[in-house]
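Enquirer: Questions regarding the structure given below will be posed in turn.
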Amino acid sequence: MPQPPLRIKPHLKYIGIKYRYRACKNTVEKTRWNLIRLMAKPKMLITEAAESAGICERWARQMWLYAYSFVRPYTGEGFWLLMPTVNIALMSLALKEFSCYHDPRNNKIIVLLLDRAGWHMSDDLEVPKNIKLFPLPPYTPELQPTECVNPLLKESIANKSFKDLDELELKLSSRFRWLLNNPKIVKGAVGFDWIQKIEAGTD
């Protein structure tokens, strides 16, 4: 069965970055988006952006990509997105993309396990009608299947350097496709016994 095309959201345009910056309430997140906003301006040097944002240049030279991971422990099937940060708006978008990918006819009920990060639990989070969120107990990463996907993802980029985010994104997207094509390996990492029994309908 051919694999569906991988969906990766492109980097936001300047107007989108500006909106995210203005919408931020968390101080650290607002500083990060302010730096991204300044760097998106034509001919803006990183030293100038760092000074305007009120942060050190060394910190400003660090750039980010975040992998949003969805996996089905029973089969090892997965779905991944790359985003520039983590927040409520992007989590809402990720849930919508996942819903459309996994249930395009909107005739299933998807139970999604997730931790209690602020952008997972907010009342402002937009959750598709076919997804039911099931928050895990606090401080229990060992119960979260997607935590076990991270080593499979990181091993492809560990101890390597990349000249820019575009190069890193290409490497990660290649790894995502490899994981999509190797569900048995993913299942071996995330197929917790208790989840297998629940989905199989056994005690």
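Values quoted throughout were computed directly from the atomic coordinates according to the rules given, and no laboratory measurement underlies them. Just so it is clear, the model here is predicted, and its values are computed rather than measured. Cβ sites come from the backbone with ideal geometry, for glycine too, and all protein chains shown count toward neighbours.
Enquirer: As a check on your grasp of the helix formula, calculate [θ] at 222 nm for the chain: sum -39500 (n - 2.57) over DSSP H runs of n ≥ 4, divide by the residue count, round to the nearest 500.
Expert: Helices in the chain give a 222 nm mean residue ellipticity of -13000 deg cm²/dmol.
Enquirer: Let me check against my output: what whole-number percent is the relative contact order of the chain, with C-alpha pairs under 8 Å and at least 6 apart? Present the calculation step by step, with values, prior to reporting the outcome.
Expert: On the way: 221 pairs, mean separation 43.9, N = 203.
Result for the chain is 22 percent.
Enquirer: Residues with amide H under 5 Å of L114's amide H, sequence separation 5 or more or different chain, H placed in the peptide plane at 1.01 Å from N; which?
Expert: The answer is F134, L136.
Enquirer: Let me ask something additional. Which peptide among 104-112, 87-95 comes first, and what is the full order, when sorted by highest mean count of other Cβ atoms within 10 Å?
Expert: 87-95, 104-112
Enquirer: Continuing with this model, one more query. Before anything else, pin down the relative contact order of segment 14-60: Cα pairs under 8 Å, at least 6 apart, normalised by residue count, whole percent.
Expert: Relative CO of segment 14-60 lands at 30 percent.
Enquirer: Same structure again: With a cap of 12 neighbouring Cβ atoms within 10 Å, and only residues DSSP puts in a loop, list the GluC sites (Glu not before Pro) found in segment 155-203.
Expert: E155
Enquirer: In addition: Sequence-distant or interchain residues sharing an amide H contact under 5 Å with T85, placed H: which?
Expert: Y66
Enquirer: For segment 24-37, what does the Karplus curve 6.51 cos²θ - 1.76 cosθ + 1.60, with θ = phi - 60°, yield as ³J(HN,Hα) per residue in whole Hz, taken in order and with x for Gly and Pro?
Expert: Karplus-based 3J(HN,Hα) across segment 24-37 equals 5, 10, 6, 4, 5, 5, 5, 4, 4, 5, 5, 5, 4, 4 Hz.
Enquirer: What ³J(HN,Hα) values, in whole Hz, does the Karplus curve 6.51 cos²θ - 1.76 cosθ + 1.60 give for segment 88-97 when θ = phi - 60°, with x put for Gly and Pro?
Expert: Karplus values, whole Hz, x for Gly and Pro: 5, 4, 6, 5, 4, 5, 4, 5, 5, 5.
Enquirer: Still on this structure: Over segment 85-171, what is the relative contact order in whole percent, taking alpha-carbon pairs under 8 Å and six or more residues apart? Please list the in-between numbers first.
Expert: Details: 71 pairs, mean separation 23.5, N = 87.
Relative contact order here is 27 percent.
Enquirer: Quick check on segment 37-159: what does the Kirkwood estimate of hydrodynamic radius come out to from the alpha carbon pairs, in Å?
Expert: Numbers: mean 1/r = 0.0591 Å⁻¹.
Averaging 1/r across every pair of different Cα atoms and inverting gives 16.9 Å.
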